[in-house]
Amino acid sequence: MALFGRPKELNFSHCIRKESAISAFALRHNILLLLISRLDISLNEISFLEDVYAELKIPVEQQCELIWVPIHNGSWTTSSKEKYKKLLQMMPWYTVQHPTVITKETIKFMRDIWKFHRNPIIVVLNADGNVVCPNAIHLIHIWGAKAFPFTKPKERSLWAGEARLDSLVMGFDPRVSNMLGGGKWVILCGGNDTEWIRDFVVGVQEAATDLSISIEMIIIGRTTDNEQIDKIMYSKSPVTPDYYYPHSRKTWYLWTRLESLLISMHQRFVARDYSMDPSFQEVKKLLSYASAESWACLITPSSDVMIHGLGDTMLQAFTEYKTWKQHLHTKDFPKILKNHIEQLQSQGSGYPCSQIILNTDNKDVIESMKCPHCVHAMEKQIQYKCCHADSDELE
């Protein structure tokens, strides 16, 4: 009530069921998640949060509610009104009565204190009205509803209880987790180099057939902006791959979750030198592939080690497997492959430039970072990007 300048009365409307309004007083014993965003919040983000919200509402004793706080600058136009209406129809939670009731003083407070600028944040208030987390968006991207009640102690307990990085990374798609649970090997590969992808698929299939290994190939697009590269392919047999095109949300969630992992790990290790922590290094390497022309990552059910690298090295490792296959049994394949990749990397002429792009408004969220491939400090740059927020992207 103090936040919105309503000392006597404050009501929230249900986004879909307008007749289902609720007062702030009625929510006084709830943990509140304030979703603060502009009207250009992505549809992928909304869909993801919708799933998390549904899980949060399952336990009856878990008193929790999500409130959307839409921030709009400038005049309220017909286009703004249409965007707002379409967003409301996608959200199963509550919202303030109208974006125009949010004062400039409230917006300034959110920017100065909670560092809200363009990207959505989720501020968590406990039952006493105290801020227990100024932005739980990264925590929720990683753990989902399991992060309830979204406090630092809960985050620490989650990290202590689930240390396997591969399960966190591969959890972007339940089908991938099911593949690993079913004893199958999984290879993620992607980028924009379609010729490399074709060559790599052929090389992997030949090796898998010769070694009688069932490998599921999943091709990941570099971004979610181009549907032509946003493809996931499941090969149901070692010989004939079956091409599959899922929703772009899975690709978005993979890269978004990796970025959230990086930020969460940085904050977790901030009290000590984390720069060479193995898990932190792995996340940096994986996130750098988002801007790579080609890359691949292998994970097997019997190993918690992810074997990954840039495209040329991974392709060469699979095409040369005949030179070292006689020295291995199937169970040794991941270990021997990893050693061969490291050998190829050491014999090469060096690594290409590594680039990690963080889609965050807070430029100081990670002050500095060492390259995931060498010991040098990475150059920090500022990137300006126009998302054409005035265009009606919800059509």
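The values are calculated or read from the model by the stated rules, or taken from the named source; none is laboratory data. This one's a predicted model, so the numbers in the text were calculated from it and none came from an experiment. Note that we place each Cβ from the backbone using ideal geometry, even for glycine, and neighbour counts take in every protein chain shown. Calculation scope for accessible area: heavy atoms of the full protein, side chains included, ligands and nucleic acids excluded. Shrake-Rupley method; radii C 1.70, N 1.55, O 1.52, S 1.80 Å.
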So, in region 147-170, exactly how many residues are closer than 22 Å to Pro59 by Cβ and either at pLDDT below 85 or hydroxyl-bearing (Ser, Thr, Tyr) (or both)? 4
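Conditions (1) among the charged types (D, E, K, R); (2) free of Cβ contacts under 8 Å to residues at least 60 places away in the same chain; (3) not assigned by the TED database to the domain that holds Trp295, marked per residue:
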site: Glu105; (1), (2), (3): yes, no, yes
site: Pro120; (1), (2), (3): no, no, yes
site: Leu125; (1), (2), (3): no, no, yes
site: Ile142; (1), (2), (3): no, no, yes
site: Ala147; (1), (2), (3): no, yes, yes
site: Thr151; (1), (2), (3): no, yes, yes
site: Ser177; (1), (2), (3): no, yes, no
site: Trp185; (1), (2), (3): no, no, no
The lone condition Glu395 fails out of (1) of a type in the set (Asp, Glu); (2) modelled with pLDDT of 80 or more; (3) in a loop (DSSP other than H, G, I, E, B) is (2)
Filter region 8-57 down to the residues that are without any contact (Cβ under 8 Å) to a residue 24 or more places away in the chain, surrounded by fewer than 13 Cβ atoms within 10 Å (Cβ to Cβ) and assigned to a loop (DSSP other than H, G, I, E, B) and list them by number. Lys8, Glu9, Arg17, Lys18, Glu19, Ser20
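Residues that are under 20 Å from the mean Cα position of the chain (by Cα): which strands (runs of 3 or more DSSP E) entirely in region 74-187 hold 3 or more of them? If you could, list the steps in order and put the result at the bottom.
Working: elements: 94-96, 121-125, 131-133.
Of the strands (runs of 3 or more DSSP E) lying wholly inside region 74-187, those with at least 3 residues that are under 20 Å from the mean Cα position of the chain (by Cα) span 121-125.
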Give the number of residues within region 249-267 that are open to solvent by 10 Å² or more (accessible area, probe 1.4 Å), of a type in the set (S, T, N, Q) and in contact (Cβ under 8 Å) with a residue 40 or more places away in the chain. 1
Test set (1) open to solvent by 40 Å² or more (accessible area, probe 1.4 Å); (2) at pLDDT below 85 - Glu282 fails condition number: (2)
